[in-house]
Structures are given as structure tokens and as C-alpha cells.
Amino acid sequence: MTTHTVNTVFNQHMSFTADIDGHKVNMDDPTDEISDNSGPSPKRLMLASLAGCTGIDIVSILNKMKVQFSDFSINVHAALTNEHPKYYNLVKITYKIKLAEEDKPKMIKAVNLSTEKYCGVFAMFKAFAKMDTEIDYL
């Protein structure tokens, strides 16, 4: 079984720094009055992790399919519940990409493979949120 460990240290005010395999990631709560806004909120980092996970999958799959693409970006929009503990219950991922018309079915296949089979972060999100995806072709 693979395990992961992240060490997180309190800085000051509402700021923490996580050490992830030697990469330092600052987190903060910009909505708190004593925050110094030194980093994104932990919840927003979850959205970044989701985008990164599915994006890595899609690039890998498109490369294996020998699909030429450019201008690839991922927008994740999520809604929080109103009551505590507040968590994301609605998430929409919009993939924006430029590729040839004949490669659009391959992009659809890559998104489906990522969201249904490979992206573990997407699988975790599905446990607590309604997930929706969209592809915008540039």
C-alpha cells in the first residue's frame, strides 16, 4: 500500500506552510480578519489539486493518442454548502483546449477516462459533491 505524508507548520496569524516532498505550500484564510493573506485557502487548494490531477491525466492520454493540442487550461468552479462544516457540494470542471476538429472525440475520451477511471482526486470529490464537466474548444 502506498502512503503519503505531509508535514504542516503554523506560521503566524492564520498562516500555515505545508512541506510536500520538499515543496513548500503556504495556506491562509483570507476571510479571517487577522489573516495576512499569505496563501490560498485549503479548500481552494483542493480545487487546484482536482484540476492538476485531471489535467495530468488528459495530457498523458492525449500524448499517447498522438493528439496535437495547445492553449489547454482547466477552470474549476465549486459551490460550498451553507452550514458548517462547509464543503463543496457542486463542482463544475471546464476544460478549454485548442485542437483539430477530428481530435474532438479523442478529447472527450480523454476526459471520460480521467474522470471515470484514473483521477483519484475526482473519485474523492464524487464521494461528497455532484460533479459536472464541460469541454470548450478554442
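The values are calculated or read from the model by the stated rules, or taken from the named source; none is laboratory data. Not measured: the values here are computed from a predicted model. In this analysis, Cβ positions are derived from the backbone assuming ideal geometry, glycine residues included, and neighbour counts consider all displayed protein chains. Keep in mind that these areas ignore ligands, DNA and RNA; they rest on the heavy atoms of the full protein, side chains included. Shrake-Rupley method; radii C 1.70, N 1.55, O 1.52, S 1.80 Å.
Worth a mention:
- Applying 1/(1 + (r/R0)^6) with R0 = 30 Å to the Cβ-Cβ distance of Glu102 and Asp132 gives a FRET efficiency near 0.70.
- Whole-angstrom gap from region 93-128 to region 1-77, using each part's C-alpha centre: 18 Å
- Solvent-free Debye scattering, log10 I(q)/I(0), computed from the Cα coordinates of region 77-138 at q = 0.14, 0.17, 0.22, 0.27 Å⁻¹: -0.48, -0.65, -0.91, -1.13
- Sorting Phe10, Phe128 on solvent-accessible area from highest to lowest, probe radius 1.4 Å, gives Phe10, Phe128.
- Antiparallel DSSP beta bridges within the chain, percent to nearest 5: 70 percent
- Helix content alone sets the calculated 222 nm mean residue ellipticity of the chain: runs of n ≥ 4 DSSP H residues at -39500 (n - 2.57) each, divided across all residues, give -9000 deg cm²/dmol.
- At an R0 of 41 angstrom, the distance between the Cβ atoms of Ala123 and Asp32 translates into a FRET efficiency of 0.85.
- Under 5 Å between amide hydrogens, built in the peptide plane, is the criterion, and for Ile135 it picks out Tyr95 among residues at least 5 positions away or on other chains.
- Rounded to the nearest 10 Å², the accessible area of Ser114 at probe 1.4 Å: 0 Å²
- Ignoring the sites themselves, the chain has its longest run without GluC sites (Glu not before Pro) in a DSSP loop having at most 11 other Cβ atoms within 10 Å at 84-138.
- In the set [x] 44; [y] 56; [z] 40, the label that goes with percent of Cα pairs over 20 Å apart computed for this structure is [y].
- GNM result for the chain, Cα springs below 10 Å: residue of Met124, Met46, Met27 fluctuating most strongly: Met124
- Stretchable slack from Lys109 to Val59, in nm (0.36 nm times residue separation minus alpha-carbon distance): 16.8 nm
- Most mobile listed residue (Val59, Val25, Val111) in the chain, GNM with C-alpha springs under 10 Å: Val25
- Geometric descriptor of region 15-91, per residue, is 135 Å³ (volume of the convex hull of the Cα atoms).
- Residues Lys96, Lys104 ordered from highest to lowest accessible area at a 1.4 Å probe: Lys96, Lys104.
- Using only side-chain charges placed at the Cβ, +1 for Lys and Arg and -1 for Asp and Glu, the dipole size of the chain relative to its Cα centre rounds to 600 debye.
- Accessible-area rank, largest first, for Tyr88, Tyr137: Tyr137, Tyr88, with all protein chains present and a 1.4 angstrom probe.
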